[in-house]
Each structure stands twice: as structure tokens, then as C-alpha cells.
Amino acid sequence: MGSTGTVLRELRGAQKPSKGVSLYSRYVNRPAGRLLAAGAWRAGLTPNQVTLVSAAFTFSALTAVALLEPSWWLGVVVCAGLAVGFAFDSADGQLARLTGSGGPDGEWLDHVVDCAKMILVHSAVLISFHRSDGLPHEGWLLLPLGFLFVAVLTFCAGLLREQLGRAAAHAAPAPAAAAAPVSRIRAVALLPADYGVFCLVFLLLGAPGAFRAGYAVLAAVHAVFLVAFLGKWFRELKALRAG
């Protein structure tokens, strides 16, 4: 395929559409994933192996959250580990499109790792809260459980929306519509719901009160987005039935 520069150019041309993607994913995570995908290609890794590398970074960071005493240095390490894992999560799909080696097994593995990540990140916070001697009230233990519910429901509902939409399009193909312009306002508005932005809250691990406050704010924002997304996806699927 040529030099690394050629590979990077090929990867730039094999990106997913930017519609519905936050600024972080568009300008930070995808470019980082592109570099990692090029490196993985040079190293001879497969997309599934890159997915497992992503899981290793993510799960190691979350294990540290659950088992180690919160501190500033731990927050930096955890944030970095989660961010690198997220970049590798982008790299596996980019590598698959570059090499044409994607398949249902890779998509399945990617979704399994994503689901495990969502469950474990909030479970790790729950364990950290439970181990903390300075937790103001036991009611705080309900916060990670609520955030976990919101995250898993958003993931499952969004995945079902995608799969059912594909099935409907396959059953009754519609004329190709003109691509809508990418909205920068929407990309900014989606930042609080981006996993990459969520990773930043772990930088506050050294100040437990600030971490709890930041985590609670993100939980509330994600709950608002869940309600908005559920309504949007339901209307879209209903429109497909009507069509």
C-alpha cells in the first residue's frame, strides 16, 4: 500500500460521515485513531487485535479506578488510559475500512467491548465510592447505578435504531437523498455526551468532592440527551414504517 503517508491519505478518505459527531470525536479522537490505525497497519495488526488493545487500555484504567486510592496522579493516568483506549476504538474501524478486512465478527467484538466498557466504567466509580471513607452519604452510591442505566439504555436503543433502520432500508430501498450539511452547532452541543469528554472528569479524582460534582453533572446531561435521543429515534423509525 506504500508509505505511512500514503496510508494516512487513504485513511482520510475512508472516514465515516461527520454528521451527528461531536467536535472531540471529529478533531481529536478520529485523527488520533487515524495515526494509530496507520501504526497498526505497519505493525501487521488486524482490526480485531486493535479492538483488544483498546480493551486492554480501557479495562486497565478502570481497574485502577476501582482498586486504587483516588489521587491527582491516578486521575491523569486513568484519563490518559481511557483516552488512548477510545482512540484505539476508532482505529480498529478505520483499519478495517483501509484493508477491507471488516466483517460481522469484528463489528460484534467492537460492540461487545463497547458494552463492557460502559458497564465497567460506572461499576468502577461505584466501587470507588463504596471504598471511600469520605463519602458524604450512602445515597451517592445510587448515582453510578443511575448513570449506568442511562448509558446502557442509550447504547442499546441507539444500536437498535441503527440495525432496524438498516433492515427497513434493505427491505424497501428509498431514493438517495442529498447529504445534509454538517452542523457545527450540533457538534458543539454533542460534546457533553461524547465519551472522550466524559474521560476528562477523571482528572478530578484527586478532589473527591469535585469529582462527584462533575460526575453528577455529566449524569444529568446524559439523562437529558437520552430523553431527546429516544424521542428522535422513535420518530425516525415510525417514519420508516409510514414510508
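A quick yes/no check of all residues on (1) of a type outside the set (Gly, Ala, Ser); (2) open to solvent by 40 Å² or more (accessible area, probe 1.4 Å):
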position: Pro70; (1), (2): yes, yes
position: Val76; (1), (2): yes, yes
position: Ala87; (1), (2): no, no
position: Leu98; (1), (2): yes, no
position: Ser101; (1), (2): no, yes
position: Leu159; (1), (2): yes, yes
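Arg161 meets the conditions (1) in contact with a helix residue (DSSP H, G or I) (Cβ under 7 Å, 6 or more places away or on another chain); (2) modelled with pLDDT of 95 or more in every case but one. The failed one is (2).
Residue selection: Ala216 fails the criterion of being open to solvent by less than 60 Å² (accessible area, probe 1.4 Å), of a type in the set (A, V, I, L, M) and at pLDDT below 95. Might you check whether a residue that is open to solvent by less than 20 Å² (accessible area, probe 1.4 Å) and closer than 23 Å to Phe211 by Cα occurs anywhere in segment 42-54? Looking for residues that are open to solvent by less than 20 Å² (accessible area, probe 1.4 Å) and closer than 23 Å to Phe211 by Cα, one finds none in segment 42-54, hence no.
Could you tell me whether segment 76-94 includes any residue that is of a type outside the set (Gly, Ala, Ser), at pLDDT 90 or above and more than 21 Å from Ala151 (Cβ to Cβ)? Looking through segment 76-94, at least one residue is of a type outside the set (Gly, Ala, Ser), at pLDDT 90 or above and more than 21 Å from Ala151 (Cβ to Cβ). In this structure, is Gln15 surrounded by fewer than 18 Cβ atoms within 10 Å (Cβ to Cβ), among the polar types (S, T, N, Q), more than 23 Å from Phe202 (Cα to Cα) and modelled with pLDDT of 85 or more? Taking the combined requirement at face value, the residue does not satisfy it.
Residues are listed down the side, and each one gets a yes or a no for (1) touching a helix residue (DSSP H, G or I) at 6+ places or on another chain (Cβ under 9 Å); (2) modelled with pLDDT under 95; (3) of a type in the set (D, E, K, R):
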position	(1), (2), (3)
Gly134	yes, yes, no
Leu142	no, no, no
Val150	yes, no, no
Leu153	yes, no, no
Arg166	no, yes, yes
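Scanning segment 187-216 for residues that are under 20 Å from Val152 (Cβ atoms), assigned to a helix (DSSP H, G or I) and either under 18 Å from the mean Cα position of the chain (by Cα) or among the basic types (Lys, Arg) (or both) turns up Pro192, Ala193, Tyr195, Gly196, Val197, Phe198, Cys199, Val201, Phe202, Tyr215.
The values are calculated or read from the model by the stated rules, or taken from the named source; none is laboratory data. A quick note: this is a predicted structure, and the numbers were derived from the prediction, not measured. With ideal geometry, Cβ positions are generated from the backbone for all residues, glycine too; neighbour counts draw on all protein chains shown. To get the accessible areas, we keep the full protein, side chains included, count just its heavy atoms, and leave off ligands, DNA and RNA. Shrake-Rupley method; radii C 1.70, N 1.55, O 1.52, S 1.80 Å.
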